Amino acid sequence: MNRVRYRGESFIVERRRQANLAEILPATPAKFSGAALVNLLRSLPKPDEQYLAMVEELLTKQPTVAESGMATLIDSSVLIAAERGQISFG
């Protein structure tokens with residue numbers, strides 16, 4: 001394992017002369033782009049109105065928190081409106 005980690009070597013694991021049972025190689029960062037995430041989210045089934053209404057109700061019951069000075073990336077009500085087709089992100 002040290003040779004894999006520190007030298008970047010890789011090894012093929014064989015069992016009973018069956019090659020390519022497994023390969024041990026250095027770990028690499030996951031490759032999942034923002035575009036791939038968008039495609040994944042678009043491929044998932046849309047939540048139904050009952051679910052969106054439940055989320056909206058839960059949001060109204062959430063306690064408020066003090067301003068942190070950091071900007072909000074996106075408000076959850078915007079996401080609900082988008083799911084209902086009231087807003088399009090393009």
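The one condition from (1) loosely packed, with under 10 Cβ neighbours inside 10 Å; (2) modelled with pLDDT of 85 or more; (3) within 26 Å of the chain's Cα centre (by Cα) that Glu56 does not meet is (1). Those residues that are among the β-branched types (Val, Ile, Thr) and over 29 Å from Val78 (Cα atoms), I need them from the stretch 11-64; list them, please. Those that are among the β-branched types (Val, Ile, Thr) and over 29 Å from Val78 (Cα atoms): Ile12, Val13, Ile24, Thr28.
Tell me whether the stretch 25-46 contains one or more residues that are free of Cβ contacts under 8 Å to residues at least 60 places away in the same chain, surrounded by 10 or more Cβ atoms within 10 Å (Cβ to Cβ), part of a strand (DSSP E or B) and over 24 Å from the mean Cα position of the chain (by Cα).
no
For the stretch 11-24, a residue qualifies if it is surrounded by 10 or more Cβ atoms within 10 Å (Cβ to Cβ) and over 29 Å from the mean Cα position of the chain (by Cα), and the qualifying residues are Phe11, Ile12, Val13, Glu14, Leu21. So which residues in the stretch 1-15 are basic (Lys, Arg) and in a strand (DSSP E or B), if there are any at all? Listed by number, the list holds a single entry, Arg15. Of all residues in the stretch 69-90, those that are surrounded by fewer than 10 Cβ atoms within 10 Å (Cβ to Cβ) and modelled with pLDDT of 70 or more total 2. For Arg17, the criteria (1) at negative phi; (2) at pLDDT below 90; (3) of a type in the set (Lys, Arg) hold in every case but one, which is (1). Pairs are defined by a Cβ separation below 8 Å, a sequence spacing of at least 6 or placement on different chains, a first member in the stretch 70-90 that is within 13 Å of Val55 (Cβ to Cβ) and in a loop (DSSP other than H, G, I, E, B), and a second member that is modelled with pLDDT of 70 or more and not hydroxyl-bearing (Ser, Thr, Tyr); the pairs so defined are Arg84/Glu49; Arg84/Leu52.
The values are calculated or read from the model by the stated rules, or taken from the named source; none is laboratory data. Since this is a predicted model, take the numbers as computed values, not measurements. Don't worry about glycine lacking a Cβ; one is built from the backbone with ideal geometry, like all the others, and counts go over all protein chains shown.
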